[in-house]
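**Student:** Provided herewith is a single structure, encoded as structure tokens, for subsequent inquiry.
Bear in mind these aren't lab numbers, they're just calculated from the coordinates by the rules spelled out. Just so you know, these numbers come straight off a predicted model, no measurement behind them. FYI the Cβ positions are ideal-geometry reconstructions off the backbone, even for glycines, and counts take in every protein chain you see.
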Amino acid sequence: MQVLYGVGIHVEKGECVALLGSNGAGKTTLLKTLSGLLKATSGRISFLNTSFDHLHPSARVEFGLIQVPEGGKIFPYLTVWENLLMGASGQKEAWKVRHHSLERVIELFPIIKDRRNNQARLLSGGERQMLVIGRGLMALPKLLMVDEPSLGLAPRILLEIFDTIRVLRQEGVTILLSEQNVQQALRVADRGYVLENGRVVMDNTSEEILQSEHIRKAYLGI
């Protein structure tokens, strides 16, 4: 069945752009299409002035288009350290600097160092989310697509994850953030797109979206 209808978005270098909408709006489908895991029936995908329409997902990774999947998807029987190294294994440049990248991930998520020899299946939900973001960073992303990072997290851990995303944005990492939690996402994003039933119904700065009466009623309950 068709999920997306004429969706058009763009992300500039150094931006954090929020992709907002309720469950079933088409956010994950859009990210998977950009990653090449799903094939679009029409339209075009361009990244760094290169057409991605017919590129295999692994080739898109080599270009630096990296997706952090929803739900803290990890390799459960590999250690935390091995999971991180898997993130760097997809391209030569990332593998060359893997030790430096590991240090950066540990700086962002200190608890990962304490868990490094544990099997990833033993991590809590919040720790898994830290791990999948760290694994994405190991790939040296030119665009980091983060899918529903707040899913199933306790409020305290949720705030830690979004604080980390804000730090990454300040460091110049380009981010496309798919999220149901509109308020938290717009707290860290420069701009946002609102998806409803597979269509973009709003495209504006974070401040303007938060002030929208429709958004306040439909997503914030105020």
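**Student:** How large is ³J(HN,Hα) for each residue in the range 3-11, as worked out from phi by the Karplus curve 6.51 cos²θ - 1.76 cosθ + 1.60 (θ = phi - 60°), to whole Hz, x for Gly and Pro?
**Tutor:** 10, 10, 9, x, 6, x, 9, 9, 10
**Student:** Further question: Looking at this model, which pairs from K142/K217; K13/K96; K13/K39 are more than 32 angstrom apart at the alpha-carbon?
**Tutor:** K142/K217
**Student:** Right, here's the next one. Which value in nm describes the separation of the simple spin-label points at L48 and I111, placed 7 Å from the Cα toward the beta carbon?
**Tutor:** Roughly 3.3 nm, to one decimal.
**Student:** Beta carbons within 10 angstrom, averaged per residue: use that to sort the peptides 24-37, 110-123, highest first.
**Tutor:** Highest to lowest by the protection proxy: 24-37, 110-123.
**Student:** May I ask you to sort R135, R166 by Cβ crowding, counting other Cβ atoms within 10 Å and putting the fewest first?
**Tutor:** Lowest to highest Cβ neighbour count: R166, R135.
**Student:** Okay, next question. If you average the C-alpha positions of the range 199-221 and of the range 93-116 separately, how far apart do those two centres end up, in angstrom?
**Tutor:** Cα centres, the range 199-221 to the range 93-116: 36 Å.
**Student:** Determine, for L4, L159, the number of other Cβ atoms within 10 Å of each Cβ, and report the residues in order from fewest to most.
**Tutor:** Values: L4 21, L159 14.
Ordered from fewest to most neighbouring Cβ atoms within 10 Å, L4, L159 come out as L159, L4.
**Student:** Taking amide hydrogens as modeled 1.01 Å from N in the peptide plane, which residues meet the under 5 Å criterion relative to N204, leaving out close sequence neighbours?
**Tutor:** Distant-sequence amide H within range of N204: G192.
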